[in-house]
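Worksheet: the structure to be examined is printed underneath.
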Amino acid sequence: MARAAKKETAVSLETVLWNCRVALRGVGSTEKNRDAVIALVFLKFAGDKFEKRRAELLEQYGDIPAFLEKASFYNAVNVFYLKETARWSYIVKHASANDIAVIIDQAMADIEESNPPLKGTLPLNLFASIGADKSKIKDLIDNVNLIDEKRFQEEDLIGRVYEYFLQAYAAAGTKEEGEFYTPACVVKLIAEMIEPFSGVVYDPCCGSGGMFVQSLKFVDRHQGNRQKVSIIGQESVAETWRLCKMNLAIRGIAHNLGDKNDSTFTNDLHKDKKVDFIMANPPFNLKNWRKEDELTDDPRFTGFSVMPPVANANYAWILHMLSKLDVSHGVAGFLLANGALNADSDEYTLRKEILEKDRVEAIIVLPRDMFYTTDISVTLWIINMNKKAGTVNGRQLRDRTHEILFMDLRRWDENIEEIVIDKGKKKKKTVLDDTQIAKIKDVYNGWQSVDRGLYTDVPEYCRSVKLFNSDLTAEEKELLKEGKIATIESENYSLIPSKYIEFIDHDLEIDYSSEMARIQSEMKAVLADEKLSQSMLEEAFRGIGYGID
């Protein structure tokens, strides 16, 4: 009897991606392994795109080198031209070669040479330096080769793969290594809040480019036109700057990140540039961002009575972003550590002056434990240069002058995402799902709307707060005197949501008689299990102030 043919076992995309990470385990640093895996994935996707375009040219013009090997014929449709030795098929063919590390490094150099926009983007001489033997590199190549659109029919396979590696290596790395990645759900929330449909989108500390990716995904979700959006940014860390350029380039996203990595503060690569939108996640509580006598006459900071302190860059980031926004309509959504909401000394002075200029539109405290670099709760700030009535994206907005929306999401901790960071080790993080993001956006849009029926204050969730005491009605001023409401001014310009959002004392909801009966019953059962005498049982209850029947 003939044997049945062995059925091929389907391998999940997650398994393939995990095996890519495992291939270099125990070889180099987390950072070098990350760059090696992502660079090889870049070669794979670039190679796939090249071969697809080459097949189109072959069908259109025939086997004519003048057409098949002309770089402009590829670049015109956002495909990188690849020399034969830089093509993925060549890498796979030579995967077992003794000098495979050198072959890959040369492929990286050749791609940069053939495609000037990629200059300085790809890691050069990386594979020869990580110390992996040829069997490990071949294992990595074999696994990357499995990442194929025909095998895994996903609409955005490139994005899916890059997102996986950026997230996974952020979770596995150190605090510093994790700063290149902001959780995708948080970035999606920012995009939904500020709605970057058209204009210039800027990130002064762009990390691996997640803000840019999500801004264009927002446009796609709402059937907008990508051609109306321009991307500019800056990143200080060389390796992360390269990661960002690779991330954007392989997705076909045009961008301007300057010709090198550099500090936004000490060398602004987009000096005097005004932008329509800012999306950012600056390093939390960055220290020593300037020298004591540095930047004191910089126009970004001269419009305020004090300089941001050297010991903490939180307000330096805010002032920098304010200086970049178009004065008539610019909007920013950015993250800061919660300490910025109520910091004292010079930061208090800066916060008061920013509030008096009426630039803050919303303060949203996010759930705890969402980030890979810290487990603290952080705040999403929405800055709007124009809070007057008007029409934005088809929505009729009311005049929100001297008003701020506060939202507190710290109780939203029911959605947990588990990331495998190593064999047997997992990291759990809180995430916001699409339904929650839509709910936050609805509250914000309802608060902005001329239809006052679309928004109402909700205890322990959201509240609209006036800026100055003078903004209150006569009735509200009485409530202020009674301590039943507050203004930003009455709370000494603090931006801590709990100072404004109504608190409910849930202890008042407890039925103490039934609760104590329950406790006594449980204690009786526990003590009975210990075979204690009735006298010991009575003594135990007297000790907590209750008798027993």
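A compact table of results
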read-out: Residues 399, 293, 326, sorted so that the one with the fewest Cβ neighbours within 10 Å comes first; value: 293, 399, 326
read-out: Degrees separating the helix 314-324 axis from the principal Cα axis of the chain, which is the longest one; value: 60 degrees
read-out: For segment 449-463 versus segment 250-309, the gap between their alpha-carbon centres in whole angstrom; value: 35 Å
read-out: Sequence ranges 205-214, 408-417, 81-90, 162-171, ranked by mean other-Cβ count within 10 angstrom, highest first; value: 205-214, 162-171, 81-90, 408-417
read-out: Label point distance in nm, residue 375-residue 348, each placed 7 Å from Cα along Cα→Cβ; value: 3.2 nm
read-out: Shape category assigned to segment 181-499 from the gyration tensor of Cα positions, a/c cut at 1.5; value: rounded
read-out: 20 Å Cα-Cα reach of residue 427 towards lysines, excluding residues that sit fewer than 8 places from it in its own chain; value: 175
read-out: Cα centroid separation, segment 104-121 to segment 417-442 (Å); value: 36 Å
read-out: Of 439/481; 273/429; 32/134; 188/429; 387/441; 271/429, those spanning more than 26 Å from alpha-carbon to alpha-carbon; value: 439/481; 273/429; 271/429
read-out: Residue-count net charge about residue 124 - beta-carbon cut-off 9 Å; Lys, Arg +1, Asp, Glu -1; value: -2
read-out: Length gained when the stretch residue 473-residue 414 is fully extended (0.36 nm per residue, less Cα-Cα span); value: 17.3 nm
read-out: In degrees, nearest ten, helix 13-23 long axis to first principal axis of the chain (Cα); value: 70 degrees
read-out: GluC sites (Glu not before Pro) within segment 441-507, DSSP loop, no more than 13 other Cβ atoms inside 10 Å; value: 482
read-out: Helix-only mean residue ellipticity at 222 nm for the chain, each DSSP H run of n ≥ 4 adding -39500 (n - 2.57), per residue, nearest 500; value: -12000 deg cm²/dmol
read-out: Estimated inter-spin distance, residue 19 and residue 152, nm [label 7 Å along Cα→Cβ]; value: 1.2 nm
read-out: Around residue 28: net Lys/Arg minus Asp/Glu count, Cβ-Cβ under 11 Å; value: +2
read-out: Potential lengthening between residue 68 and residue 492 on full extension [0.36 nm per residue; Cα-Cα distance subtracted]; value: 145.8 nm
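Values in this text are rule-based calculations from the coordinates and carry no lab data. A quick note: this is a predicted structure, and the numbers were derived from the prediction, not measured. All Cβ positions, glycine included, derive from the backbone under ideal geometry; neighbour counts span all protein chains shown.
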